[in-house]
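Trainee: There's a structure below that I have some questions on.
The values are calculated or read from the model by the stated rules, or taken from the named source; none is laboratory data. Being a predicted model, the structure only gives us computed values, none of them experimental. Neighbour counts run over all protein chains shown; Cβ positions are idealised from the backbone, glycine included. The accessibility values were calculated without ligands, DNA or RNA, using every heavy atom of the protein model including side chains. Shrake-Rupley method; radii C 1.70, N 1.55, O 1.52, S 1.80 Å.
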Amino acid sequence: MAYETGNWTEVLNLTGHILDLDPLNHVAVTSYVLDLDPLNYADAYFYNTVANYKLNKIEDAEKSGLKAEHLDLPTRFPQLHLLLARNFCPET
């Protein structure tokens, strides 16, 4: 609901609490992960990415976005790839 209303600070607080419980949040994830846990952290990373971006916390948004990308194998969030490509990929 906070995401839908654009309450980015609340989204950041809520997702931050969820991500504190994620065991992968405390290690460097550099490859794709098949997560069989019924609680899917990719959702929380995605919403955390958007909230950080909207609050102009670009470095945190990129970090969270890359983790979401590595966990989101079924690609439920195609807008994540668009956000990453537009804002965090170097110009060619």
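Trainee: I'd like the FRET efficiency for residue 58 and residue 1, computed as 1/(1 + (r/R0)^6) with the beta carbon distance as r and R0 of 25 Å, rounded to 0.05.
Mentor: Computed FRET efficiency for residue 58 and residue 1: 0.50.
Trainee: Sorting 21, 66 by accessible area (1.4 Å probe), largest first, what list results?
Mentor: 21, 66
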